[in-house]
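The values are calculated or read from the model by the stated rules, or taken from the named source; none is laboratory data. Remember, it's a predicted structure, so these values are computed and weren't measured experimentally. Every residue, glycine among them, receives a Cβ derived from its backbone with ideal geometry; neighbour counts consider all protein chains shown.
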Amino acid sequence: MSQIFISAAHKSSGKTTVTLGLCAALRARGIDVSPFKKGPDYIDPMWLGRAAGYACHNLDFHTMGSDEIRDTVGYYAGKAGISIIEGNKGLYDGLDLDGSNSNAALAKLLGAPVVLVLDARGMTRGIAPLILGYQAFDPEIRIAGVILNQLGGNRHEAKLRAVIEHYTDVPVLGAVAKNPGLQILERHLGLVPSNEQDNAAQQVRTIGEAIAEQVDLDALLEIARTAPLPAAPEVSPFAIDPLPQALRIGVARDEAFGFYYPGDLEAMQQAGAELVEIDMLRTPSLPDLDGLVIGGGFPESCMEALQANDSLRHAIRDAIESGLPVYAECGGLMYLARSLTWKGKTCAMAGVIPADAVMHDRPQGRGYVRLETTPAFPWPLAAGQEIAAHEFHYSALEQIPSLEQYAFKVLRGTGLDGKHDGYLYKNLLACYSHQRSTRSNPWTQHFLAFVAQCKATARAPDNAANQLITEDKTT
């Protein structure tokens with residue numbers, strides 16, 4: 001039961017690759033690794049989870065309280081040999097001037113020692129004041145070691161080690177040579193998700209072997225053992241109320257749709273919902289469901305296959321027309337549009353939303369958002385409730401009709417049009433914002449309650465008809 005926090009001096013230092021490699025290398029040693037990722041992110045956690053063999057959970061000050069963050073680490077890492085937390089951006093970077101939502105603040109909250117991954121390209125003696133400055137900026141942060149990355153060769157490594165040893169008291173835990181073979185492909189939203197790469201398992205092994213050879217894992221483990229985990233709560237921090245009746249919830253999950261928080265899916269399962277995974281590219285028909293969730297992802301990269309599966313597109317459209325409760329986020333919203341255009345090509349989508357999704361070269365919405373529920377919000381939550389969420393989309397809906405009612409008023413962010421988010425049609429709620437099921441916003445509980453309500457309402461006419469038949473027989 002130990003922990004380590006992997007951060008960096010700045011973004012794009014290679015900390016995700018190093019963290020992934022650490023998870024894989026320690027797992028190869030037979031050590032149970034519980035991975036965590038700071039901030040609202042889906043792609044890096046997919047890779048970290050694949051490398052560790054355990055789901056990677058996000059730790060986010062925007063959507064979670066401090067107690068909830070500690071409980072999350074304590075609960076999911078309580079039985080692991082080590083907890084590895086990957087930061088985002090640089091150690092002291094954050095939205096607020098006081099750094100209250102920075103990586104350093106998270107490391108301090110958890111009492112985790114920090115290992116800095118330093119991109120050492122072009123650096124020699126200058127690496128010493130960088131390390132010293134990071135130590136001095138906040139003395140409460142324990143920088144327990146550094147891992148040098150992108151090294152140019154043995155001479156470069158020797159110079160850096162000599163400088164760091166002479167001027168600082170921070171140990172060098174590893175030196176990773178520049179190697180294009182360790183890089184994961186990137187595109188507009190960051191790394192290409194592991195669920196899209198056929199060679200993902202081999203790539204994880206390759207990175208793990210490289211890190212095992214170039215990082216002192218024993219020294220890292222020794223540092224981690226000095227930092228015990230937060231106390232483990234008895235129940236999951238994402239637990240919601242149990243369902244009064246069984247529900248079957250479809251979850252779109254394939255190369256096109258994979259942006260789900262593990263805690264959200266776990267919450268629905270623990271409440272008693274049966275989750276049915278649906279391959280939107282290959283499944284020809286919609287199974288018997290009480291509700292459907294279509295998360296985010298990259299429908300644009302699979303739009304030809306999505307168009308080709310016209311039987312499922314028509315089945316989903318017909319199901320929504322018949323009142324199936326559906327929740328769609330970002331990529332799911334795009335799928336339900338009339339068409340999707342990317343790189344000069346247009347493909348037909350489900351056609352539920354009378355608008356066209358168009359990909360742009362720059363983000364159309366990015367970062368944290370705050371939403372306020374409107375009186376039209378369909379799930380059991382009062383109007384005027386604020387919800388903390390996030391968005392990151394290069395697409396925008398064009399030719400969308402002006403609606404009288406939306407599910408959300410956008411207090412911060414972009415949403416559908418800068419003012420609203422949450423397209424409503426029958427029992428469908430589709431938005432660009434991504435929600436996280438937390439103590440302050442248990443959206444999974446609200447959605448399941450809505451599904452149960454819709455199911456009960458749909459059965460009401462049958463019950464009434466059965467009652468008339470019974471009365472007639474009695475008479």
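If the condition is being over 27 Å from residue 30 (Cβ atoms) and in a helix (DSSP H, G or I), then the range 217-270 contributes 264, 265, 267, 268, 269, 270. The set of residues in the range 356-372 that are surrounded by fewer than 21 Cβ atoms within 10 Å (Cβ to Cβ) and within 18 Å of residue 424 (Cβ to Cβ) contains only 372. For the residues 327, 335, the requirement of being of a type in the set (Phe, Trp, Tyr), farther than 30 Å from residue 94 by Cα and touching a Phe, Trp or Tyr at 6+ places or on another chain (Cβ under 7 Å) singles out 327. For the range 232-253, taking the residues that are under 24 Å from the mean Cα position of the chain (by Cα) and among the aliphatic types (A, V, I, L, M), the one that is surrounded by the most Cβ atoms within 10 Å (Cβ to Cβ) is identified as 252.
Considering 160, 148, 132, 109, the condition of being without any contact (Cβ under 8 Å) to a residue 60 or more places away in the chain, assigned to a strand (DSSP E or B) and touching a helix residue (DSSP H, G or I) at 6+ places or on another chain (Cβ under 8 Å) is satisfied by 148 alone. A count restricted to the range 419-437 and to residues that are under 20 Å from residue 95 (Cβ atoms) and either modelled with pLDDT under 95 or of a type in the set (D, E, K, R) (or both) stands at 1. When 264, 288, 279, 254 are screened for being under 21 Å from residue 379 (Cβ atoms), in contact with a Lys or Arg (Cβ under 8 Å, 6 or more places away or on another chain) and in the same structural domain as residue 445 (by TED's automatic domain parsing), only 264 passes.
Would it be correct to say that residue 180 is surrounded by fewer than 19 Cβ atoms within 10 Å (Cβ to Cβ) and more than 27 Å from residue 25 (Cα to Cα)? The answer is no for residue 180.
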